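Nothing in this text is a laboratory measurement; each read-out follows from the coordinates by a stated rule. This one's a predicted model, so the numbers in the text were calculated from it and none came from an experiment. Quick reminder, even Gly has a Cβ in these numbers, built from the backbone with ideal geometry, and neighbours come from all protein chains shown.
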2 protein chains.
Amino acid sequence: MASTRDRILDALQDVLLDSGPAGATLDGVAQRAGVSKGGLLYHFRSKDDLFTGLLDRLSAGAAAADAATPPEPEAAARFFLEGSQSADSPEERTLLAALRLLGTHPPARARLASYLDDWAAGLRRTIDDPVTSRLVQLVGDGLFLHALLGAGDPDLDARVIALVLARTRPE
Amino acid sequence: MASTRDRILDALQDVLLDSGPAGATLDGVAQRAGVSKGGLLYHFRSKDDLFTGLLDRLSAGAAAADAATPPEPEAAARFFLEGSQSADSPEERTLLAALRLLGTHPPARARLASYLDDWAAGLRRTIDDPVTSRLVQLVGDGLFLHALLGAGDPDLDARVIALVLARTRPE
DNA sequence: GTCTATATGACGATAGAC
DNA sequence: GTCTATCGTCATATAGAC
């Protein structure tokens, strides 16, 4: 059973994803969550507090992603690279929503930087060579940026991924 | 001599870069540009029109970047990768300001996607192998994302860049 | 071309009933 | 715990003088 608090954060994500921070008003979020503005403000004292709640949810997801990273180098790299391309899972939705807070909510920048770093912890742990590990991370983040902007060429990207994965295999 | 119009767009960039979209009010931009709000609205009919003006300036910069790409594959890749790490030039400032419009101004997403694509046109033209060219682009965009969030490890990144550059050299 | 003054509306947050 | 009602503030945009 989802708590009202969680439903409010879900609504905040929805609003951020389809109207951006400009549409993320207390009224708008409350309406989407099916509560009144007063009800919302009982759970989150201010708009800042609401945004902090979303970033906390994001941080919680980072630990889960780290734990889900496979123990084999190539599988870990594939897990990371393929996860960078889409926005299907609930965790990805939270990330995309949080990215929209950049510029609007100053603490978002540092929290997102930590998130990217925590996510790549699984790569550093699994892949011995730090240069290879960083290469995988940078390519993944590049893919993520393109997915964010709705650009990218799936076929070509698949070939780049294959090239990078080859480097994770012992020779 | 900079026109008033240009000075207003400069002011918009300044405001976006240090207060984010929330601080980008007509009053704030006008004050920074040294004109009144009425004066601003003579040059740009609405806030939307003002944002469009910034995105037009960005598009103009993409063509210049393409033209500035060196004709040799490795030099082109180095130009791209090193340009992805910093935010010094006027063009980079325009890009960073435009990125802040994501979420606030819906058309910004597509315009930014085109910009990234136009920027990489120089790579596609110079580097024969499309997979290598795309690899350079993705790593560059990953570096850019990290620079944007203020993260990154310069020494390690330099080693990744060296690795990628090696692939642009004929064997 | 640039200004001042003002109409109009939206947002964040508080107070207090239920 | 959730609601309605309301206050104060600030933003966009218009109108019209200079």
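Numerical summary
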read-out: Value of [θ]222 nm, deg cm²/dmol, for chain A, DSSP H segments ≥ 4, -39500 (n - 2.57) each, nearest 500; value: -25000 deg cm²/dmol
read-out: 12 Å beta-carbon shell around B:D10, net charge (K/R +1, D/E -1); value: +3
read-out: Separation in nanometres of the label points that stand 7 Å from Cα toward Cβ, at A:L26 and B:R169; value: 6.2 nm
read-out: Taking the range B:20-140 and dividing mean pair separation by its residue count, relative contact order in percent (alpha carbons under 8 Å, at least six apart); value: 31 percent
read-out: Charge sum, other residues only, whose C-beta stays under 15 Å from A:A62's C-beta, Lys/Arg counted +1 and Asp/Glu -1; value: -2
read-out: Residue mean of other protein chain beta carbons inside 10 Å, B:117-123; value: 1
read-out: Most to least packed among B:48-54, B:58-64 [average Cβ atoms within 10 Å]; value: B:48-54, B:58-64
read-out: 12 Å beta-carbon shell around B:T104, net charge (K/R +1, D/E -1); value: +3
